[in-house]
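Engineer: Would you mind keeping the following structure in view while I ask a few things?
Read the figures in this text as sums done on the coordinates, not as results from a lab. Not measured: the values here are computed from a predicted model. No Cβ is skipped: glycine too gets one built from the backbone with ideal geometry, and neighbour counts run over all protein chains shown.
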């Protein structure tokens, strides 16, 4: 039991941190531009594929730097030549633009790299066992992922709280109009934030690619969960996104470890009363729990756990 | 494929008015040719096209050429019905499909209704891979024939092999949470209990279909259960990710699978570096094929760069050709009558037969594991250098299971 | 406008619905027409939310799918117990189910508009779609639920076996539903929906609860989506969980938006066009999903009002008899536009071929019936020249359209009202 708890906590925190790497960028973009970027997970996927392509040519470590930058450039271009044009039509067309973009990116990825998973591996220098606990091994690469994610979190905190750029961004979160009136070039800030957010997603993709499987459906698998995270945490709240990422990561991981069903609680007759529901175990519905949480939170507190804005 | 599509387009326009359709025998291949399922669907299509070419090169069947129409169903049952309608409009008498029992159920139902409502436009549904047992049990009908062993038959063969393995003591079941996974786990429980009452089932997991990105929590549970063997019906990314997570956690168990050989499977096994521990239940093992079949395997691999995945498609196409010859007609009813009960020397050389009671094909089944190949073996998988090695054979007779089918034959 | 002018579009619609299957007689086209007709209802019901009330839903297929499932269970019950309920009534049961779930889910999701609403609809959609796979008794698991429509009690002698009979049944429902949904937009409630879309605060000042208006609109949208689902159930005779899922929800969004959410008849155009493309495009190209995505993006970027929105722009010109002024400019622009599109398609097809197909099929391919070699550089150069040449030419000729519009609008203003 202790074994399961330890490893579920580790895995949950790791999954939560990967979620946060994406959620932070998405939250920043949303806060400043009011756009919920449906294609955000697609940038994560692009990061994984770029990482794969670069690391098989010049190695993993260069890929770790270059791939996120490339993804950031793609993101900035999308903002400059796509979103900015749509911006004047309002938020719904903006959202729909990113919706279509997610579609196109997935198709293009399928065309270039095929529909099957690509052979994106953990670099040999990190391919060893970090530690062994209760006879279960934990790969070093996952510790590395955790370190990168925490590093990014710290860097983000520093940038946002200690630098001028961070102050402007923070100001834009709450008072976008005032920031514009102070003479800052808001369109360029938008482009930079969109690019930076995409780059963060790309970084997450580069390091998550070898750990999970790099395949064309990876964006679609993660995308909806990501929305859950930022909505549950509270739209526009970075702290909320952090808390919600960890919460969802842990909840999902621990739910898998639980075997109970209504039939266990109420006895075998539960199957008669609840039909199929009686025999469903908690583990079975683990991946649905986030959506439950989402609907529940929005009904009780539409601003999310830590949010202050509604739209 | 483009050529096939182009020609099907021409056929579509021509079929509207003329009897041009009668010149070829058309088999409509209804499977995903776009989207995520396409990687599998395209390979299947190539099998059919290649076999049709072989038959046409030797003069065709009853003086006509075989023609394969590739129709994209996007793995959607409702879309499949539209595509089946297209096929009929183009003069196809035979539909073939394999990916997804949901589509299989829809098509078998479609065939019955269509043949009842439009007696002049009847079709046969030739199923090469939809394995839900119900198709040859409660939902069986005269117009459906299945060449793949259904999932119960596969479990029967698998457990027949497992029962003689004394090192199997604790078994963990992990399956996708839908009808196929459900039938795998219930049959596994039932058959293991009957054949090996001493084996302990230490876990029985169902997880959502194609939704899990990290199987680490599941692997932690398997590990904690102390299992030495895992049985899974998982396919696609669900098997690849599962094996990967298991390798990360250093889980040392034997894997008994249905679809570890599917696209991307061997690559994942090689990546996870677990040689000889992943077993699959299959109807053919490339390196143990008879010489004349290995020639086919070699030619196919050279041309398309992939394994000849579907020995059953070979069985299907050649049996269909034989039935058409025997009936001297490509009318569905006459062909179906000849297919029933037909005996056939299969791709692997053993004898197979299409059971008349339920239109289920029976053949020798093989249990093989994936690992480094012995010297002299010709065929590896997906360029990994690893290949399948036969560990056991279950004779066709021993895979037979009773059926609940009550076949309604047209008079 | 005269009474005839008001009725004329409806007569034309009825004639179109009646004549279509007599013009397109093949089995495929009749099946396709049936799907178009039920998609029209589905898309219009979606537009009650998106276009009329300003609610962007990502889970509308829930009501379509649940309506379909309840309808198909109803059909099986009727068959089993030999009730004297004929097939044409079944969609009503689907509609009732759609309404019921619309009320249940609407009561929680319409408290807020905007992004919160969208996210709840997404969450609910995922929740229902995932649960459907677990609740096997009702949803039939992977296989779904099947039925046989011709085993219900005959309706004036019709057993609805042949597709043509089913088509006319769907067409009748389609006509009635379009009429009803149009009528709703004309009621004070329909106007309040628009008010809530434009400015919920002001709507509240007038004395209406914005939340209540959203709730009613949502429930009614559920009703019509349920009817569409019921029609799908009797058309396909099978329902499975894919009809509830995100893909179906995305499809109806695509239909509505491409057709045009701002105009009542927009979704009708979208439903017909997207259904046609969905069924036929995959025969022509392996990259059809890419075309779908690009089409969507292009519409969002260049014509956010959709096809109907673009057409509607011309209405005042047509009434003021100024439309003719645009035709020369449009014709001139059509040339580079078509060249650009042809170039674009050629590029996508070449890329698709060389990346996906060439490995096994060889470099020989054909686009628009022209045979070419994807390894040779010539078709690539031609494609690039066509695409960019078209784009630059379009840039040069575009001011003509703007000028023509300017002139036409100026003339329009000069006219007495």
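Engineer: In 20 Å bins starting at zero, report the fraction of Cα pairs in chain B per bin as a rounded %.
Structural biologist: 27, 58, 15, 0
Engineer: Among A:134, C:138, which comes first, then next, by fewest other beta-carbon atoms within 10 Å?
Structural biologist: Working: A:134 12, C:138 15.
Fewest-to-most ranking of A:134, C:138: A:134, C:138.
Engineer: On to the next question. Using just the Cα positions, wrap region C:315-414 in a convex hull and report its mean projected area in square nanometres, one decimal place. Intermediate values should be presented prior to the final figure.
Structural biologist: On the way: hull surface 31.2 nm².
So the mean shadow area of the Cα hull is 7.8 nm².
Engineer: Right, next: Among B:164, B:177, B:358, which one moves the most in a GNM of chain B with springs linking Cα atoms closer than 10 Å?
Structural biologist: The residue that fluctuates most here is B:164.
Engineer: Report the Stokes-Einstein translational diffusion coefficient (µm² s⁻¹, integer) for chain C, Rh taken as the Kirkwood radius over Cα pairs, at 20 °C with viscosity 1.002 mPa s. All intermediate terms of the calculation are to be shown ahead of the outcome.
Structural biologist: Working: Rh = 23.6 Å.
Estimated diffusion coefficient is 91 µm²/s.
Engineer: Give me the one-decimal nm value for the distance between modelled label points at residue A:171 and residue A:159, 7 Å along each residue's Cα-to-Cβ direction.
Structural biologist: That separation, rounded to one decimal, is 1.9 nm.
Engineer: Mind giving me the FRET efficiency for residue C:198 and residue A:80? R0 is 51 Å, r the Cβ-Cβ distance, nearest 0.05 is fine.
Structural biologist: 0.95
Engineer: So, one more: GNM, chain C, Cα, under 10 Å: largest mean-square fluctuation among C:183, C:203, C:129?
Structural biologist: So, out of C:183, C:203, C:129, the one fluctuating most is C:183.
Engineer: Counting only helical runs of four or more DSSP H residues, what would the 222 nm mean residue ellipticity of chain C come to if each run contributes -39,500 (n - 2.57) and the total is spread over all its residues? Each step should come with its number before you reach the end.
Structural biologist: Numbers: 18 runs with 306 residues, N = 417.
Result for chain C: -24500 deg cm²/dmol, rounded to the nearest 500.
Engineer: If the chain between residue A:5 and residue A:121 were fully stretched, how many nm would it gain, using 0.36 nm times the residue separation less the Cα-Cα distance? It would help to have the intermediate numbers written out before the result.
Structural biologist: Numbers: separation 116, 0.36 × 116 = 41.76 nm, distance 2.79 nm.
Taking 0.36 nm per residue and subtracting the Cα distance, the gain is 39.0 nm.
Engineer: Place a label point 7 angstrom from the Cα of residue A:140 along the Cα-to-Cβ direction, then list the residues of region B:232-256 whose backbone nitrogen is under 19 Å away.
Structural biologist: The answer is B:247-251.
Engineer: How much of the DSSP beta bridge set in chain C is antiparallel, as a percent to the nearest 5?
Structural biologist: Numbers: 7 of 8 bridges.
Rounded to the nearest five, the antiparallel share is 90 percent.
Engineer: Right, something else. Ratio of region C:1-149's C-alpha Rg to 2.2 N^0.38 Å, to two decimals? Don't skip to the answer; put the middle values down first.
Structural biologist: Working: Rg = 18.5 Å, N = 149, 2.2 N^0.38 = 14.7 Å.
Rg over 2.2 N^0.38 Å, computed on Cα atoms: 1.26.
Engineer: Ranking request for peptides B:390-398, B:283-291, C:243-251: highest mean number of other beta-carbon atoms within 10 Å first, then the rest in descending order.
Structural biologist: Working: B:390-398: 15.9, B:283-291: 19.0, C:243-251: 22.1.
The densest-packed peptide leads the list: C:243-251, B:283-291, B:390-398.
Engineer: Using a Förster distance of 35 Å, how high is the FRET efficiency between residue C:15 and residue C:335, based on the Cβ-Cβ distance and rounded to 0.05? List each step's numbers first, then the result.
Structural biologist: Values: r = 35 Å, r/R0 = 0.99.
In this case the efficiency is close to 0.50.
Engineer: Right, another one. Among A:46, A:146, A:203, which one moves the most in a GNM of chain A with springs linking Cα atoms closer than 10 Å?
Structural biologist: A:146
Engineer: While we're looking at this one, here's another question. Report the antiparallel proportion of the DSSP beta bridges in chain B as a percent, rounded to a multiple of 5. Don't skip to the end; give the middle numbers.
Structural biologist: Details: 18 of 54 bridges.
Rounded to the nearest five, the antiparallel share is 35 percent.
Engineer: If you don't mind, another one. So for region A:2-300, Kirkwood radius off the Cα pairs, Stokes-Einstein at 10 °C and 1.306 mPa s: how many µm² s⁻¹? Mind showing how you got there, number by number?
Structural biologist: On the way: Rh = 20.4 Å.
The calculation lands on 78 µm²/s.
Engineer: If I model a spin label at residue C:315 and residue B:334 as a point 7 Å from the Cα along the Cα→Cβ vector, what separation in nanometres do I get?
Structural biologist: So the two model labels end up 6.1 nm from each other.
Engineer: Okay, next question. In nanometres, what is the gap between the two model label sites at residue C:378 and residue C:6, each 7 Å from Cα along Cα-to-Cβ?
Structural biologist: 6.4
Engineer: Please compute the Kirkwood hydrodynamic radius of region B:129-222 from all pairs of different C-alpha atoms, in Å with one decimal.
Structural biologist: Values: mean 1/r = 0.0674 Å⁻¹.
It works out to 14.8 Å.
Engineer: Take the alpha carbon atoms of region B:330-369, find their center, do the same for region A:28-104, and report the distance between the two centers in whole angstrom.
Structural biologist: If we compute the Cα centre of each part, the gap is 52 Å.
Engineer: Let me ask something additional. Translational diffusion coefficient of the protein assembly as shown at 37 °C, 0.692 mPa s, Stokes-Einstein with Kirkwood Rh over Cα pairs, in µm²/s as a whole number. All intermediate terms of the calculation are to be shown ahead of the outcome.
Structural biologist: Working: Rh = 31.2 Å.
The Stokes-Einstein estimate is 105 µm²/s.
Engineer: Once the Cβ-Cβ distance between residue C:165 and residue C:415 is put in as r, and R0 is 30 Å, what FRET efficiency do you end up with, to the nearest 0.05? Can you show the working numbers first?
Structural biologist: Numbers: r = 51 Å, r/R0 = 1.69.
Using R0 = 30 Å, I get an efficiency of 0.05.
Engineer: If you stretched the chain out fully between residue B:325 and residue B:294, how much longer would it get, using 0.36 nm times the residue separation minus the C-alpha to C-alpha distance?
Structural biologist: Gain in length upon complete extension: 8.6 nm.
Engineer: Same structure again: Of the beta bridges DSSP finds with both residues in the protein assembly as shown, what % are antiparallel, to the nearest 5?
Structural biologist: Details: 30 of 67 bridges.
If we restrict to bridges inside the protein assembly as shown, about 45 percent are antiparallel.
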